[in-house]
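Beneath this line is the structure, given in structure tokens, with notes to follow.
The values are calculated or read from the model by the stated rules, or taken from the named source; none is laboratory data. Only a predicted model underlies this, so the values are computations on that prediction, with no experimental measurement involved. Here the Cβ positions follow ideal geometry from the backbone for every residue, glycine too, while neighbour counts run over all protein chains shown. With ligands, DNA and RNA removed, areas are computed over all heavy atoms of the protein, side chains included. Shrake-Rupley method; radii C 1.70, N 1.55, O 1.52, S 1.80 Å.
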Amino acid sequence: MWQAQHVSSLLKSLDATIEVELVPIATEGDRNRTESLASFGGVGVFTREIQQAVLDSRADIAVHSLKDLPTQSAAGLNLAGVPQRGERFDALVLPSNSAAGDLSSLRAGARIGTGSPRRQAQLRYIRPDIEPVEVRGNVETRLKKLDAGEYDAIVLAQAGLDRLEMSQRCTAILSPPQMYPAVGQAALGLECRDDDAFVAEMLERISDLTTFAEVSAERSCLSQLRAGCHAPVGVWSVADSQTQAASCMRLMGLVLSLDGTVRIQAESKGTVSLVSLTELQASAAAIGRTLAERLVASGADRILAR
């Protein structure tokens, strides 16, 4: 809801006369807060019902957490907008009565709550002696479980804490090279019907070109790997320099085995055209494909096949 309200305010900043109605939808991923995502499908569980509402014209814009949006576009929809992303890294959160610390300060055998295979695999790689365990529910629910003693720590997205004005609960930032974020983490993906030129033009106007380039490269890599958005894949994109017409991008990524014992890393660099959105997406996607090819050449496909 915060994300939908944020998009509403961005649209109104273009034209104060625009009327925006929010259409709340509970997705399968929202409703099922006990089972692991993989147990009931994983890919698309936070997006399918929102997309269907747009296809059925119950809504005009779908607002997604981009890291949950499958890289294969839904028929009839267009990813037309990507506003400026928030802080993209993960955050380690300790119980409210704990002293400040980081991953190295946790006891052997510590239980760390996270439902993300990407986070679980990286935690196992960093600290083979700790136990990543499943945790579901909204941010407030997870924090209550943590403070009640069900976990020694949990891992949450820094952007989610920031947006809910809970940044004070962040104990330590897990940034590269310690932990790589998910594809599209902290970015919003705004879809509309592919024949709705008016809405598409509005969404392009509230987009951030640097963020759009970053996520286009990241999603291209994930698509080329044929890995779902919940696979143990992490990426980090950095725009090293930028002119009005182009941006130099460095894209780093890794693939891990679920048990954290195998970690493959690679990177690619390239120039992203900023002349048009079409050229931006195409040039960024090429950088992502190159990264995927280098990961596969190092054995990433064998890991993901398991």
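A few notes on this one:
- Among the residues of the stretch 143-162, those that are within 19 Å of ILE130 (Cα to Cα) and open to solvent by less than 50 Å² (accessible area, probe 1.4 Å) comprise LEU146, TYR151, ASP152, ALA153, ILE154, VAL155, LEU156.
- Residues (part of a strand (DSSP E or B), in contact with a Lys or Arg (Cβ under 8 Å, 6 or more places away or on another chain) and open to solvent by 30 Å² or more (accessible area, probe 1.4 Å)) located in the stretch 267-306: GLU267, LYS269
- One residue alone among PRO181, PRO176 is under 14 Å from LEU251 (Cα atoms) and open to solvent by less than 10 Å² (accessible area, probe 1.4 Å), and that residue is PRO181.
- In this structure, ALA292 does not satisfy being farther than 29 Å from ILE126 by Cβ and out of contact with any His (no Cβ under 8 Å at 6 or more places or on another chain).
- Of all the listed residues (GLU204, GLU214, GLU165), the sole one being open to solvent by 60 Å² or more (accessible area, probe 1.4 Å), acidic (Asp, Glu) and assigned to a helix (DSSP H, G or I) is GLU204.
- In the stretch 217-235, the residues that are of a type in the set (A, V, I, L, M, F, W, C), open to solvent by 10 Å² or more (accessible area, probe 1.4 Å) and in contact with a Lys or Arg (Cβ under 8 Å, 6 or more places away or on another chain): CYS229, ALA231
- GLU140 vs. criteria open to solvent by 30 Å² or more (accessible area, probe 1.4 Å) and assigned to a helix (DSSP H, G or I): yes
- Residue in the stretch 108-117 that is free of Cβ contacts under 8 Å to residues at least 24 places away in the same chain and open to solvent by less than 60 Å² (accessible area, probe 1.4 Å) present: yes
- Filtered by the rule that a residue be out of contact with any helix residue (DSSP H, G or I) (no Cβ under 8 Å at 6 or more places or on another chain) and acidic (Asp, Glu), the stretch 228-266 gives a lone residue, ASP240.
- Just so you know, in the stretch 87-107 the residues that are open to solvent by less than 30 Å² (accessible area, probe 1.4 Å) and assigned to a loop (DSSP other than H, G, I, E, B) include one that is nearest to HIS230 (Cα to Cα), and it is LEU94.
- Residues in the stretch 49-67 that are open to solvent by 20 Å² or more (accessible area, probe 1.4 Å) and over 16 Å from ALA80 (Cα atoms): GLU49, GLN52, ASP56, SER57, ARG58.
- Hits in the stretch 143-159 (condition: part of a helix (DSSP H, G or I), over 17 Å from the mean Cα position of the chain (by Cα) and within 20 Å of SER105 (Cβ to Cβ)): LEU143, LEU146, ASP147
- Apart from one condition, GLU279 fits all of (1) in contact with a Phe, Trp or Tyr (Cβ under 8 Å, 6 or more places away or on another chain); (2) free of Cβ contacts under 8 Å to residues at least 24 places away in the same chain; the exception is (1).
- Within the stretch 27-53, the residues that satisfy the criterion of being within 23 Å of LEU77 (Cβ to Cβ), modelled with pLDDT under 85 and part of a loop (DSSP other than H, G, I, E, B) are THR27, GLY41, GLY42, VAL43, GLY44, VAL45, PHE46.
- Hits in the stretch 169-210 (condition: under 26 Å from ALA80 (Cα atoms) and of a type in the set (Val, Ile, Thr)): VAL183, VAL199, ILE206, THR210
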